[in-house]
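Below is one structure, written out as structure tokens; comments come after it.
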Amino acid sequence: MALFFSGGTVTSWKCCGDEMLFLSRQSVFDNKKAIRGGIPLVFPHFGAWSVGPQHGFARIQMFKVAQCPLVDEEGNVRATIYLEDNEETRKIWDHKFRLSLTLILKQCKLEMDLKIKNTGQSDFDFTTLIHTYFKTDVTKCCVLGLAGSCFSDKVNGGDDQVEARDAISIDRNIDNVYMNVPNELSLTGAASGRTVVINKQNLPDTVVWNPWIEKSKSMSDFGDDEYTQMVCVEVGRVVSPCRLGSGQTFDASQTLQVKNCC
């Protein structure tokens, strides 16, 4: 596993020698633009933001180490990084917080535990998302577990619909925000044809995204043909903001497990 402190972004996760995450060959690593791939964190705002950068500032802030990588008694590797408010963030969003991310690397499994604490005196509202880019052959992958869920189709005007498909294949530009979905989802046809099971806690919503042909061409940090190599399945709390009172903590998690890994 590889981690960049810029944005607290996991940029590599391998299982049995296979890279499971997509990272664009045109990604920018300048601490000014979010890394295009891996697993960036969205906070404190999902989507376009009138007062700051799209998807908030966490993706372009430098995280610090709370706990260096260590091997626990079960043989798993764990580490914790964190981001606190600073002069730059308070100019955009004047609230005090501490966001921490604990990564636990197990055999064919990656656990991500997210904590957001209000360290100030006033309440604040936020949205957040774990923005996972999966490496895949887009012609062969499907997302399972969203049938019956309501979603907003952001490509076609944001109309609310109900997902009728048991298996969602990717054959066009898709940017669907699913609401209050089950805690277990699956991605079939991930790297080397594997299946990844996604388990989430306290993250009720899920975004499925692929830019497809025309949008790929308009993105400077994304190769024109790279839409064929990825799909994003992003778990978060984005439809209804979460309010934290002074001293309160929001706890959530994502666990990725590769089936039949080795």
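When +1 charges are put on Lys and Arg Cβ atoms and -1 charges on Asp and Glu Cβ atoms, the dipole computed for the chain relative to its Cα centre reaches about 420 debye. Between LEU3 and THR11, the built amide H atoms are under 5 Å apart, and every one of these is 5 or more places off in sequence or on another chain.
Computed 3J(HN,Hα) for the stretch 156-168, one whole-Hz value per residue from the Karplus formula 6.51 cos²θ - 1.76 cosθ + 1.60 where θ = phi - 60°, is 10, x, x, 5, 7, 9, 10, 6, 9, 7, 6, 10, 9, glycine and proline marked x. Among the trypsin sites (Lys or Arg not before Pro) in the stretch 222-262, those placed in a DSSP loop whose Cβ has at most 14 other Cβ atoms within 10 Å are LYS259. Straight-line reach from LYS140: taking Cα to Cα under 14 Å and skipping same-chain neighbours fewer than 8 places apart, the aspartates and glutamates in range are ASP171. Summing charges over neighbours of GLN26, with a neighbour being any other residue whose Cβ is under 10 Å away from its Cβ, gives -1 when K and R count +1 and D and E count -1. Peptides 16-26, 142-152 ranked from most to least packed by the mean count of surrounding Cβ atoms within 10 Å: 142-152, 16-26.
In the chain, what percent of the accessible surface is made up of carbon and sulfur (1.4 Å probe, ligands and nucleic acids excluded)? The C+S portion of the solvent-accessible surface of the chain is 46 percent. Probing with 1.4 Å while keeping every protein chain in the model, the per residue accessible area of the chain equals 44 Å².
The values are calculated or read from the model by the stated rules, or taken from the named source; none is laboratory data. Note that the coordinates shown come from a computational prediction; the quantities given were computed from them, not determined experimentally. Counting neighbours? That spans all protein chains shown, and the Cβs are built from the backbone with ideal geometry, glycine included. Just so you know, the surface numbers come from the protein's heavy atoms only, side chains and all, with ligands and any DNA or RNA stripped out. Shrake-Rupley method; radii C 1.70, N 1.55, O 1.52, S 1.80 Å.
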